[in-house]
Amino acid sequence: MRVLALDVGSSSVRARVFDERARELEGAARRAYEPRHGRDGSAELDADELVLASQAVLEEAAGGVHGALAISCFWHSLLLVDAGGRPLTPVLLWEDRRAVAQAEELARRLDGARVHDRTGCVLHPSYWPAKLAWLRAERPDVFAGARHAVSFGDYLFLRLTGELRTSLSTASGTGLLDLRKRTWDAELLEALGVDDALLPPLADDSAGTPPIFPSLGDGACSNLGAGCTTPERAALMIGTSGAYRIVHEAAPEPRAGLFCYVLDERRIVEGGAVSDGGNLHAWLERTLRLDHPEPREPDAHGLTFLPLLGGERSPGWNPHATGAVAGLTFRADASDLQQAALEGVAYRLAEIAEELPEVREVVATGHALLASPAWIQLCADVLDRPVTASAVPEGSARGAAVYVLERLGAEADPAPLGRTYEPDAGRAEIYAAARERQRDLYRRLF
């Protein structure tokens with residue numbers, strides 16, 4: 001038995017091949033692309049370009065021998081399609097911030113706490129309620145001509161199989177799924193003036209032979225692939241963005257400041273996300289033009305860096321928050337700025353970690369984090385607990401494969417682990433004080 005796993009990210013698509021125990025076989029492929037960012041807050045990708053890139057890596061990785069297809073895809077995307085299933089809009093990404101006014105208007109009209117309790121999502125421009133309201137207000141002709149609103153993973157499944165459906169996992173990342181009823185949320189649809197016929201059918205069933213399974217949210221797959229599937233073991237992920245998540249079997253009970261999604265009928269995903277991760281690292285390298293930054297002692301630069309360049313999600317979900325740096329003097333150099341920024345990301349992730357006190361183990365995953373042992377050590381020092389690096393190079397791809405193997409009745413091997421980074425007590429104390437400075441800066445600004 002072979003499973004071909006496709007992982008569609010916001011900056012690249014990758015394909016890997018796994019056997020019946022989720023061990024990686026020969027065959028891997030990757031295509032990179034860049035989202036289009038505008039000064040108006042837009043963040044978009046072209047749907048058909050992504051489909052072509054996905055098909056290309058599938059063919060390259062499979063080598064002409066196809067098995068079941070598993071798909072992991074970035075959460076929270078939205079595009080409108082016509083009656084023929086063709087795109088009417090680009091793919092709007094989670095970081096598209098043009099729906100801020102609509103998110104605030106919905107928050108004034110609705111009880112945000114009740115919406116969060118039902119859907120596990122807040123009224124924020126990352127999610128569908130605000131984006132649909134924005135499309136209706138700003139693109140009325142396009143909206144009127146739409147037959148369906150879909151995530152990119154749904155669109156890809158449609159192009160590969162000719163069938164339209166969305167998994168519970170993908171639907172839970174829209175902000176429109178009632179987590180307990182496992183149906184589209186009636187109160188939100190009424191508030192938006194949207195009929196549920198606009199939304200794709202909810203179904204986790206595969207299509208075709210060999211079977212193609214509907215896409216799952218990449219965060220859920222990352223946890224599954226790295227073996228973080230109990231409330232005691234969290235995945236600390238830094239890819240393009242960052243997150244701290246747990247997956248476990250429980251009834252959904254969303255916690256303040258955190259998201260709550262579903263993986264499937266029996267498992268939920270809890271945690272928080274930060275919008276700055278590997279994208280911030282790339283921005284620093286591009287802007288500061290540092291190839292080999294000089295190492296610094298912890299917090300020796302005296303800077304306070306608030307890494308909200310991509311906006312804020314957890315825990316405050318402030319749609320107006322932006323990045324900031326305090327404490328600049330002529331003594332600060334590019335290496336100081338870079339170190340302060342990476343420390344700042346770790347502080348924001350630590351804020352999320354405090355909201356999940358049941359966690360006892362932390363596993364580092366994600367391309368940006370696994371590529372930087374120094375950043376893993378920094379996270380261990382900031383969290384003041386050991387952090388073990390995942391030995392799975394493509395967590396989301398493996399997680400999608402593990403899910404499909406479960407559906408096919410096979411049992412995957414445990415996820416392999418790598419080196420454990422122990423915290424340094426002296427550094428942890430320094431970072432705790434720096435975290436308080438960052439909290440104070442956030443309170444003063446926002």
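What number comes out for accessible area per residue over segment 403-446 if the probe is 1.4 Å? Units Å², please. Let's see the in-between values first.
Values: 2750 Å² over 44 residues.
I get 63 Å² per residue for segment 403-446.
In whole angstrom, note down how far apart the Cα centers of segment 1-37 and segment 303-350 are.
Using only Cα atoms, the two centres lie 31 Å from each other.
Normalized C-alpha radius of gyration of the chain, against 2.2 N^0.38 Å? Write out the running numbers ahead of the final one.
Values: Rg = 21.0 Å, N = 446, 2.2 N^0.38 = 22.3 Å.
Relative to the 2.2 N^0.38 Å estimate, the chain comes out at 0.94.
Where does segment 300-446 land on Rg(C-alpha)/(2.2 N^0.38 Å)? Walk me through the intermediate numbers first.
Details: Rg = 17.6 Å, N = 147, 2.2 N^0.38 = 14.7 Å.
Taking N as the residue count of segment 300-446, the ratio is 1.20.
Quick one: pull the percent of accessible area on segment 304-446 belonging to carbon and sulfur, 1.4 Å probe, ligands and nucleic acids left out.
On the way: 3200 of 6030 Å².
Carbon-and-sulfur percentage of accessible area, whole number: 53.
Where in segment 93-120 does the amide nitrogen come within less than 19 Å of the point 7 Å from the Cα of Ala186, taken along Cα to Cβ?
Taking a point 7 Å out along Cα→Cβ of Ala186, the residues of segment 93-120 whose backbone N falls under 19 Å are 110-111, 114-120.
Cα centroids of segment 164-191 and segment 246-301: how far apart, whole angstrom?
24
Expressed in whole Å with the largest first, what are the equivalent ellipsoid semi-axes of segment 362-446 derived from the C-alpha gyration tensor as the square root of 5 times each eigenvalue?
So the three semi-axes of segment 362-446 are 34, 16, 10 Å.
Please compute the Kirkwood hydrodynamic radius of segment 281-360 from all pairs of different C-alpha atoms, in Å with one decimal.
On the way: mean 1/r = 0.0723 Å⁻¹.
Final number for the Kirkwood radius of segment 281-360 is 13.8 Å.
Collect residues whose amide H, placed 1.01 Å from N in the peptide plane, falls under 5 Å from the amide H of Leu263; neighbours closer than 5 in sequence don't count.
Ile268, Val269
Step through the residues of segment 162-170 one at a time and calculate ³J(HN,Hα) from phi using the Karplus curve (6.51 cos²θ - 1.76 cosθ + 1.60, θ = phi - 60°), rounding each to whole Hz and writing x for Gly and Pro.
So the J values, rounded to whole Hz, are x, 10, 9, 6, 10, 6, 4, 4, 5.
Once every DSSP H run of n ≥ 4 in the chain is given -39500 (n - 2.57) and the sum is divided by its residues, what mean residue ellipticity at 222 nm do you get, rounded to the nearest 500 deg cm²/dmol? Provide the component values of the computation, followed by the final result.
Details: 15 runs with 161 residues, N = 446.
Taken over the chain, the calculation gives -11000 deg cm²/dmol.
In the chain, which helices (entire DSSP H runs) extend 20 Å or more along their own long axis, judged by Cα positions, while averaging at least 0.5 on the Kyte-Doolittle scale?
Numbers: long enough: 47-62 (22 Å, 0.66); 334-353 (29 Å, 0.32); 425-445 (30 Å, -1.09).
Once both thresholds are applied, what remains is 47-62.
Over all directions, average the projected area of the Cα convex hull of segment 174-264 and note it in nm². Before the final figure, lay out each step's value.
On the way: hull surface 32.0 nm².
Spelled out: convex hull of the Cα atoms, projected over all directions, averaged, 8.0 nm².
Let me check against my output: what whole-number percent is the relative contact order of the chain, with C-alpha pairs under 8 Å and at least 6 apart? Walk me through the numbers before you get to the answer.
On the way: 1012 pairs, mean separation 71.6, N = 446.
Relative contact order here is 16 percent.
What net charge is computed for the residues neighbouring Leu168, neighbours being all others with C-beta under 9 Å from the C-beta of Leu168, Lys and Arg scored +1, Asp and Glu -1?
Numbers: positive: Arg182; negative: Asp204, Asp264, Glu265.
Once positives and negatives cancel, what remains is -2.
Can you grab the distance from the C-alpha centre of segment 390-404 to the C-alpha centre of segment 41-65, Å, no decimals?
Each part's Cα centre sits 19 Å from the other's.
Taking the alpha carbon gyration tensor of segment 1-127, what are the square roots of 5 times its eigenvalues, largest first, to the nearest whole Å?
Details: eigenvalues 233, 67, 31 Å².
That gives 34, 18, 13 Å for the three semi-axes.
Quote the Stokes-Einstein diffusion coefficient, in whole µm² s⁻¹, for segment 69-183, based on the Kirkwood radius over alpha carbon pairs, a temperature of 20 °C and a viscosity of 1.002 mPa s. Don't skip to the answer; put the middle values down first.
Working: Rh = 14.5 Å.
This corresponds to a translational diffusion coefficient of 147 µm²/s.
For a protection proxy built on the mean count of beta-carbon atoms within 10 angstrom, sort 17-24, 138-145 highest first, please. Display every interim value, and only then the final one.
Values: 17-24: 19.1, 138-145: 12.5.
Going by the mean number of other Cβ atoms within 10 Å, highest first, we get 17-24, 138-145.
Search the structure for amide H atoms under 5 Å from the amide H of Tyr421, placed 1.01 Å from N in the peptide plane, and list their residues when 5 or more places away or on another chain.
For Tyr421, the qualifying residues are Val387, Thr388, Ala389.
Using +1 at the Cβ of each Lys and Arg and -1 at the Cβ of each Asp and Glu in segment 336-426, identify which of Val363, Pro423, Leu383 lies farthest towards the dipole's positive end.
Val363
What's the carbon and sulfur percent of segment 154-266's accessible surface, probe 1.4 angstrom, rounded to a whole number? Kindly include the intermediate steps, with their values, before the conclusion.
Values: 1770 of 3600 Å².
Roughly 49 percent of what the probe reaches on segment 154-266 is carbon or sulfur.
Size of the dipole of the chain about the Cα centre, Lys and Arg at +1 and Asp and Glu at -1 on the beta carbon, nothing else charged, in debye to 20?
Working: 47 positive and 65 negative charges, 87 e Å.
Computed about the Cα centre, the dipole is about 420 debye.
Write down the accessible area per residue of segment 74-231 in Å², having rolled a 1.4 Å probe over the full set of protein chains. Could you put the intermediate results ahead of the total?
Details: 5370 Å² over 158 residues.
Value returned for segment 74-231: 34 Å² of accessible area per residue.
If you project the alpha carbons of segment 252-386 onto the principal axes, what extent comes out on each, in Å, largest first?
54, 33, 23
Which value in nm describes the separation of the simple spin-label points at Ser11 and Ala300, placed 7 Å from the Cα toward the beta carbon?
With each label point 7 Å from Cα toward Cβ, the separation is 2.8 nm.
Report, to the nearest whole %, how much of the accessible area of segment 1-68 belongs to carbon and sulfur atoms, 1.4 Å probe, protein only. Kindly include the intermediate steps, with their values, before the conclusion.
On the way: 1480 of 3250 Å².
Carbon and sulfur atoms account for 45 percent of the accessible area of segment 1-68.
Can you tell me the length gained on complete extension of the stretch Arg108 to Asp333, counting 0.36 nm per residue apart and subtracting the Cα distance? Display every interim value, and only then the final one.
On the way: separation 225, 0.36 × 225 = 81.00 nm, distance 4.38 nm.
Using 0.36 nm per residue and subtracting the Cα-Cα distance, I get 76.6 nm.
The values are calculated or read from the model by the stated rules, or taken from the named source; none is laboratory data. Quantities reported herein were computed from a predicted structural model and do not represent experimental measurements. Every residue, glycine among them, receives a Cβ derived from its backbone with ideal geometry; neighbour counts consider all protein chains shown. Surface accessibility is based on the protein's heavy atoms, side chains included, excluding ligands, DNA and RNA. Shrake-Rupley method; radii C 1.70, N 1.55, O 1.52, S 1.80 Å.
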